[in-house]
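Read the structure below first, then the notes.
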Amino acid sequence: MKLGSLKYGRDGRLVVVSDDLAWCADAGHIAPSLQAALDDWDAVAPQLELLATDLAHGVIPRMRFHERQADAPLPRAYQWADGSAYVNHVALVRQARGAEMPESFWTDPLMYQGASDEMLGPRDPIPLADEAWGCDLEAEVVVVTGDVPQGVSREEALGHIKLIGLVNDVSLRNLIPAELAKGFGFVQSKPASALSPVLVSPDTLGDAWKDGKLHGVLKVDLNGQPFGRADAGEDMTFDFGTLVAHLAKTRNLSAGTIIGSGTVSNRDADGGPGKPVDRGGRGYSCLAEIRTVETILDGKAATPFLKSGDTVRIWMEDATGHSIFGAIEQVVEG
């Protein structure tokens, strides 16, 4: 089952989307918004599944699903927490600035609380008031949970994951150091993030969803050129069951909680930093990582951060080459 939201009011209009992303059916008679569906998931999900089946068989009214008209599936969410499950990414960034990485980073997930009052749609621009802020893309996988009780185990947590998708977790890199130096976390350096056109139920993903990880190549193009081709199922130190359980250690999680994987990152086949796509590597899921590799190898970063007019595209394909979640495609607007 694939679910999306068309732009309508503040919380969107819920639609069920066909597997090929070509068609959709209004689900407003079942739940007015995706958040409303998640609030009563056990009762609502079977009705949405039936609607999806009817859509697939062409026996109900349908309309074309245009990704450019889609809102974020959850235009605003009760909670957005982002992990750093690919510890390779963290290790590289710390190596570039000569900082030792604590051993605990390999056993205890990093996670921060992001802003979720506005989640950008997949074609919404990336607003950038000042290029000096160092705007960066971050291609990630996300899960959306139902209600999660405090203290769940990793295995129990996996059962509370209702939907899976992609996110562009925008970062303003040049604002981060001063904020972290205060010892109180991100605020200004983490603006609104953009979600993929649809979110997908785990059963729909088949073997691509396994052991709490999404297996597949997360594709990133920058200004029409291949930039990242990392496999989201590889080098993921903490699976999503672990991330959900980590967040729920001391509190209940509300239905509609979005949890991110952090920047997807693969090491090179020889165990070293990844290589750019045009040099036969898997590339990168954020600019900070290629800048880090450049610093390690050449002593300084050469790749610039995003500027007005730049275009970012993020998507994932199934084994037959069809887009699974649709594409996040954003233009930076200054």
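The values are calculated or read from the model by the stated rules, or taken from the named source; none is laboratory data. Just so it is clear, the model here is predicted, and its values are computed rather than measured. In this analysis, Cβ positions are derived from the backbone assuming ideal geometry, glycine residues included, and neighbour counts consider all displayed protein chains. SASA here: full protein model, heavy atoms, side chains in, ligands and nucleic acids out. Shrake-Rupley method; radii C 1.70, N 1.55, O 1.52, S 1.80 Å.
Could you list all residues from region 74-114 that are open to solvent by 30 Å² or more (accessible area, probe 1.4 Å) and within 20 Å of GLU234 (Cα to Cα)? Those that are open to solvent by 30 Å² or more (accessible area, probe 1.4 Å) and within 20 Å of GLU234 (Cα to Cα): VAL93, PHE105, TRP106, THR107, ASP108, LEU110, MET111. There is no residue in region 312-324 that is on the phi > 0 side of the Ramachandran plot and crowded, with 22+ Cβ neighbours inside 10 Å.
Pairing residues of region 133-149 that are within 20 Å of VAL331 (Cα to Cα) with residues that are among the hydroxyl-bearing types (Ser, Thr, Tyr) and open to solvent by less than 10 Å² (accessible area, probe 1.4 Å), at Cβ distances under 6 Å and at least 6 apart in sequence or on separate chains, gives ASP136/SER171; GLU138/SER171; GLU138/THR263; ALA139/SER285; GLU140/SER261. Can you name the residue in region 227-282 that is free of Cβ contacts under 8 Å to residues at least 24 places away in the same chain and among the basic types (Lys, Arg) and, of all such residues, is surrounded by the most Cβ atoms within 10 Å (Cβ to Cβ)? Here the residue is LYS275. Taken over region 54-73, the criterion of being surrounded by 13 or more Cβ atoms within 10 Å (Cβ to Cβ), within 27 Å of the chain's Cα centre (by Cα) and not hydrophobic (A, V, I, L, M, F, W, C) is satisfied by HIS66, GLU67, GLN69, ASP71, PRO73. Considered as a group, the residues in region 167-180 that are open to solvent by 40 Å² or more (accessible area, probe 1.4 Å) and not aliphatic (A, V, I, L, M) include one that is nearest to THR311 (Cα to Cα), and that residue is ARG173.
Tallying residues that are more than 26 Å from the chain's Cα centre (by Cα), modelled with pLDDT of 90 or more and not in a loop (DSSP other than H, G, I, E, B) within region 291-306 yields 0.
Of GLY159, GLY212, GLY183, all but one fail to be more than 24 Å from ASP239 (Cβ to Cβ) and either open to solvent by 20 Å² or more (accessible area, probe 1.4 Å) or not aliphatic (A, V, I, L, M) (or both); the exception is GLY183. Scanning region 295-311 for residues that are in contact (Cβ under 8 Å) with a residue 60 or more places away in the chain and either acidic (Asp, Glu) or open to solvent by 80 Å² or more (accessible area, probe 1.4 Å) (or both) turns up LYS307, ASP310.
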